[in-house]
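Everything on this sheet refers to the single structure shown next.
The values are calculated or read from the model by the stated rules, or taken from the named source; none is laboratory data. Note that the structure is a prediction, hence the values are computed from the model and not measured. Glycine gets a Cβ as well: all are built from the backbone with ideal geometry, and neighbour counts include every protein chain shown.
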Amino acid sequence: MGPTNAQERASTSQTRVIAVDDHAAILSAIAKLLRKSFNVVALASNGVAALDAILRLEPDLVVLDISMPGLSGIEVALELRKRSNKVKIVFLSTHEDSGFVRACLAAGGQGYVTKKFLSSDLIPTIDAVLAGHVFVSRFPSQQDVP
C-alpha cells in the first residue's frame, strides 16, 4: 500500500531546499512559494554564497538562478558535480532559449523554470525532480492561444 497524500506532503515538507537569486524581490518570492511546501534552510544572493551554503548545509535540492555575479548558476552546478555533490538542481532563468536549457541539463540540472512562470511552474518542477524526473518549464511561446 502506497503513502497517503498526508504522508507525501509530510515527506516533502521535510525536503531541505536552498534558494539562490541575485535579485532580492525574486528571492523573496521564491522563498515565499517554497516555504508553503518545503523546509527552506538558506537563501543566497550570489554563486559564491550559494556554493558555500550548499556544501555546508547539504540540502536535498537547490533552486539556482543562472545569471549571478561571482559564479553563475551553471558554474555552481559544475563545481558541485566536480565535487560529486548529489544535490538536485532546479535552474531558474529569464532565458527562454533551448540552448540555455541544454547547458543547464548538461551541467547537472534536473529542472529548468522560466521566471515568467515562477508562480505556476516552480513547485510542480520541484515535485517532478524529487520524483526522479527531468522537468522543463514552458516558454511563453509555448502557451496555448485561444
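Worth pointing out:
- Counting only helices (runs of 4 or more DSSP H) wholly contained in segment 1-108, the ones carrying 3 or more residues that are more than 15 Å from VAL129 (Cα to Cα), modelled with pLDDT of 95 or more and not small (Gly, Ala, Ser) occupy 24-35, 47-57, 73-82.
- Check on ASP97, free of Cβ contacts under 8 Å to residues at least 12 places away in the same chain and surrounded by fewer than 21 Cβ atoms within 10 Å (Cβ to Cβ): yes
- Residue check, ASP52 more than 20 Å from LYS32 (Cα to Cα) and either surrounded by fewer than 20 Cβ atoms within 10 Å (Cβ to Cβ) or without any contact (Cβ under 8 Å) to a residue 24 or more places away in the chain (or both): yes
- Selection of first residues in segment 56-76 that are touching a residue at least 40 places away in the same chain (Cβ under 8 Å) and within 24 Å of PHE117 (Cα to Cα) and of second residues that are among the polar types (S, T, N, Q) and part of a loop (DSSP other than H, G, I, E, B), restricted to Cβ pairs under 7 Å at least 6 apart or on distinct chains, gives the following pairs, ordered by first then second residue: ASP60/THR15; LEU61/THR15; MET68/ASN46; PRO69/ASN46.
- Residue within segment 75-93 that is surrounded by 16 or more Cβ atoms within 10 Å (Cβ to Cβ), more than 21 Å from VAL48 (Cα to Cα) and aliphatic (A, V, I, L, M) present: no
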